[in-house]
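Report on the following structure.
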Amino acid sequence: MDFKPVRRVVIGHDRAGKAVALYDGDLKPKQRSAGGNAVTTLWVTSEFPVDVNGAGDRGETQTGVPPPPNGTVFRIVDFPPPANAAVPSPVDHDRVLIAMGIDPATQGYARHPNTHRTKSIDYAIVLDGEIDMLMDDSEVHVKSGDVLVQQSTNHAWVNNSGRNCRIAFVLIDAKTPSAWQQRWTGKIIK
């Protein structure tokens, strides 16, 4: 699938302290896996409060789905519809998690092969299309213009709409929620 680029403009300061556009250009989404989602990483931080000095392109910082400790990730994700929803292919859930940059040992119940949770608060803004967010026992349908606040919960994004869905995400590192107990072992996940 051909995903459209995202124009990213980053404003900062020049050497004289004046506000200027440091970066202004199109970023091409990068496909994570064959037939899978495409991600455009716009900016990543790894400290709080954020150091806004310097002119380096933090959009080039390599990260998985979760933000760095004490950091943030700002990205656009394109979720294509499944190629053949009637015949799901077998998926190794641990491999999916590892590809997302998530330790499988930190995860809970897996309702769907893409189920995951990150130690973060996620702000999601649906820019185009529609999609379902699956949770442990329920789901919510969101469409263009809807916003969602996700607080370190088990979830999976599933696009059954038949067309691409584009979502802007801001993930902010968070404390480990007390709800992260393995239901079957009672162990707290750190």
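Listed by chain and number, the aspartates and glutamates whose C-alpha is less than 16 Å from the C-alpha of Lys143, apart from same-chain residues fewer than 8 away, are Asp78, Asp128, Glu130, Asp132.
Annotation: for a label point projected 7 angstrom from Cα along Cα→Cβ of Arg15, residues of segment 42-76 with backbone N closer than 19 Å are 53-57. Placing dummy labels 7 Å off each Cα toward the beta-carbon, the span from Tyr23 to Val149 is 2.8 nm. Backbone geometry of segment 4-18 corresponds, through the Karplus equation with coefficients 6.51, -1.76 and 1.60 at θ = phi - 60°, to 3J(HN,Hα) couplings of 6, x, 10, 7, 10, 10, 10, 9, x, 10, 8, 5, 8, x, 7 Hz, x marking Gly and Pro. Here the spin labels are modelled as points 7 Å beyond Cα on the Cα-Cβ line, and at Ile172 and Asp103 they lie 2.4 nm apart.
With θ set to phi - 60° and the Karplus curve 6.51 cos²θ - 1.76 cosθ + 1.60, what are the ³J(HN,Hα) couplings of segment 48-56 in order, to the nearest whole Hz, using x for Gly and Pro? Once rounded to whole Hz, the list reads 9, x, 6, 7, 9, 7, x, 10, x.
Note on Asn160/Asp137: beta-carbon distance plugged into 1/(1 + (r/R0)^6) with R0 of 30 Å gives a FRET efficiency of 0.95.
All of the numbers you see were taken from the coordinates with simple rules; none came from a lab. Because the structure is predicted, anything quoted here is derived from the model rather than measured. Backbone-built Cβ (ideal geometry, glycine too); neighbour counts: all protein chains shown.
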